[in-house]
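First the structure, in the form of structure tokens, and then the observations on it.
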Amino acid sequence: MKKILVAVMINLLLAGVAFPGGTADEAKALVSKGAAYIKENGKEKAFLEFTNSKGKFVDRDLYLFAVDFRGMTLAHGGSEKLVGKDMSGLKDADGKFFIKELIELAKSKGGGWVDYKWVNPVTKKIEAKSTYVQKVDDYFLGCGIYK
């Protein structure tokens, strides 16, 4: 069923028809689902599943990522190539160090939302984005939405 949905979305994109992206509630729910998966299966198995682009933690434009408190990417459902990369110095289109802000929010409050500007891979334009994070041990899980 998931393969059929993906094929339909690709055909719609090729035809120039936009499809709805994930919502804030869906992003939060995916992060919660990911945290529960870690508790049930351990972080090693969870990180592999989170990074699987065809796995259960990728839904349309929503995907999970995990970053430790130093800024190292532990898992990334949007790009496997980012795993093992230090993202602490990453800036958005306005020069905001949003990864550092995500880390501080997770460490100080346990989670929440951070707004920044990022290139939407569908539109190829810089757009407002908001990412929800939740602290898990010495790292956080995140999922972002385009506004």
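The values are calculated or read from the model by the stated rules, or taken from the named source; none is laboratory data. The shown structure was predicted, so the numbers you read here are calculated from the model rather than taken from an experiment. Cβ coordinates were reconstructed from backbone atoms using ideal geometry, including for glycine residues, and neighbour counts include every protein chain displayed.
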Exercise for review: Please verify whether the range 134-145 includes one or more residues that are over 12 Å from the mean Cα position of the chain (by Cα), in a strand (DSSP E or B) and either closer than 18 Å to ALA93 by Cβ or modelled with pLDDT under 95 (or both).
Suggested key: no
**Study point:** Number of the condition not met by LYS56 [criteria: (1) of a type in the set (D, E, K, R); (2) closer than 20 Å to GLY21 by Cβ; (3) touching a helix residue (DSSP H, G or I) at 6+ places or on another chain (Cβ under 8 Å); (4) part of a strand (DSSP E or B)]
**Key:** (4)
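Considering only the range 69-87, state which residues are of a type in the set (Gly, Ala, Ser), surrounded by 14 or more Cβ atoms within 10 Å (Cβ to Cβ), in a loop (DSSP other than H, G, I, E, B) and touching a strand residue (DSSP E or B) at 6+ places or on another chain (Cβ under 8 Å). Step through it out loud before you land on a result.
Taking the range 69-87 and keeping what is of a type in the set (Gly, Ala, Ser), we get 71, 75, 77-79, 84.
When the remaining residues are screened for being surrounded by 14 or more Cβ atoms within 10 Å (Cβ to Cβ), the result is 71, 75, 77-79.
Pick out the ones that are also in a loop (DSSP other than H, G, I, E, B) and you get 71, 77-79.
If the condition is that a residue be of a type in the set (Gly, Ala, Ser), surrounded by 14 or more Cβ atoms within 10 Å (Cβ to Cβ), in a loop (DSSP other than H, G, I, E, B) and touching a strand residue (DSSP E or B) at 6+ places or on another chain (Cβ under 8 Å), then GLY71, GLY77, GLY78 are the ones that fit.
Restricting to the range 88-115, what's the tally of residues that are of a type in the set (A, V, I, L, M, F, W, C) and either touching a strand residue (DSSP E or B) at 6+ places or on another chain (Cβ under 6 Å) or in a strand (DSSP E or B) (or both)?
Keep residues of the range 88-115 that are of a type in the set (A, V, I, L, M, F, W, C), which gives 90, 93, 97-99, 102-103, 105-106, 113-114.
Filter once more, so that each one left must be either touching a strand residue (DSSP E or B) at 6+ places or on another chain (Cβ under 6 Å) or in a strand (DSSP E or B) (or both): 93, 98, 102, 105-106, 113-114.
Here the count works out to 7.
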Practice item. Could you grab me the full set of residues in the range 80-120 that are among the acidic types (Asp, Glu) and under 23 Å from LYS147 (Cα atoms)? Key: ASP92, ASP94, GLU101, GLU104, ASP115
**Study point:** Residue count, the range 47-74 (criterion: small (Gly, Ala, Ser) and more than 12 Å from the chain's Cα centre (by Cα))
**Key:** 2
Check your understanding: Only one of (1) in contact with a strand residue (DSSP E or B) (Cβ under 8 Å, 6 or more places away or on another chain); (2) modelled with pLDDT of 95 or more; (3) not β-branched (Val, Ile, Thr) is not met by TRP118, so which one is it?
Key -> (2)
Review point. Among the residues of the range 43-68 satisfying the criterion of being surrounded by fewer than 20 Cβ atoms within 10 Å (Cβ to Cβ) and of a type in the set (S, T, N, Q), which is modelled with the lowest pLDDT?
Key: SER53
Practice item. Using the structure shown, decide if GLY34 is part of a loop (DSSP other than H, G, I, E, B) and either surrounded by 12 or more Cβ atoms within 10 Å (Cβ to Cβ) or not aromatic (Phe, Trp, Tyr) (or both). Key: no
